[in-house]
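The values are calculated or read from the model by the stated rules, or taken from the named source; none is laboratory data. What you see is a predicted model, and the numbers here were worked out from it, not measured in a lab. Backbone-built Cβ (ideal geometry, glycine too); neighbour counts: all protein chains shown. Just the protein is used for accessible areas: all its heavy atoms, side chains included, with ligands, DNA and RNA removed. Shrake-Rupley method; radii C 1.70, N 1.55, O 1.52, S 1.80 Å.
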Amino acid sequence: MRRRTGLAVAGAAALAWGEWLNWRWSRAHVGNSEGASTAVVVLGYRNPRATVNLVNRWRVRAGIRSVTADGAHGTCVIFSGGTTGSGAAEARLMADYAKSALEFDGPVLLEDRSTTTWENITNVIPLLEDVDRIKIVSQPAHALKARAYLRRQRPDLAARLVRADDYRPGEWIAVKPLLALYGLWSLRGLRADERRLAP
């Protein structure tokens, strides 16, 4: 009985830790920029097959709800991701899913050459020049990494970053501890770079 209780407490603590860390990452490097136009950048995840995978389907849903989260008009969704296999580019697969499965009929742009997060940001920059607010959508740690890359490449555009609706309490709760561990591993190099580049 005591062992079961200990496991239950440890499990609950792991879930709470994963939830908290993902919540924290979703709010890092964002401000409260205002304006009439918004770009929602949805980052693709490895999609070597001809059909959109589970992760990309979730990212598209999070991107679409980020459009409607604050009732903004003049919002464009940018799907970013190149070809990682023999199929279509991730950007194309995500856009098709948004239109066919989610019936999204708003403005859409495709960036279909990127194969890394750094390239995602580099290649969407020309599409962000004229918008007032920028939302980057992915799992919280990955979106934070992309926001940090935008700060590094174009600090003026990074000042327009606002929070996307890619974190919700309880969503993906069972895997959030794993996402948190992966996020810590993924972000460790980023922190080292930021310390090295700091004035």
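Some notes on this structure:
- With Rh defined as the Kirkwood radius, the inverse of the mean 1/r over Cα pairs, the Rg/Rh of segment 1-116 is 1.12.
- Distance (nanometres) between label positions extended 7 Å along Cα→Cβ at Lys99 and Ala14: 4.3
- Of all accessible heavy-atom area on the chain, the percent that carbon and sulfur account for (1.4 Å): 57
- Projecting label points 7 angstrom from Cα along Cα→Cβ for Ala159 and Trp118 puts them 2.6 nm apart.
- Computed lengthening from Glu171 to Thr5, 0.36 nm per intervening residue step minus Cα-Cα distance: 57.3 nm
- Net length gained if the chain between Glu34 and Thr68 were fully extended (0.36 nm per residue, minus Cα distance): 10.7 nm
- Considering only trypsin sites (Lys or Arg not before Pro) in DSSP loops that have at most 16 other Cβ atoms within 10 Å, the longest stretch of the chain without any of them is 114-199.
- Take every DSSP beta bridge whose two residues both sit in the chain; close to 0 percent of them are antiparallel.
- Computed from the Kirkwood radius of its Cα pairs, the Stokes-Einstein diffusion coefficient for the chain at 37 °C and 0.692 mPa s stands at 188 µm²/s.
- Reciprocal of mean inverse Cα separation for segment 105-173 (Kirkwood radius, Å): 13.0
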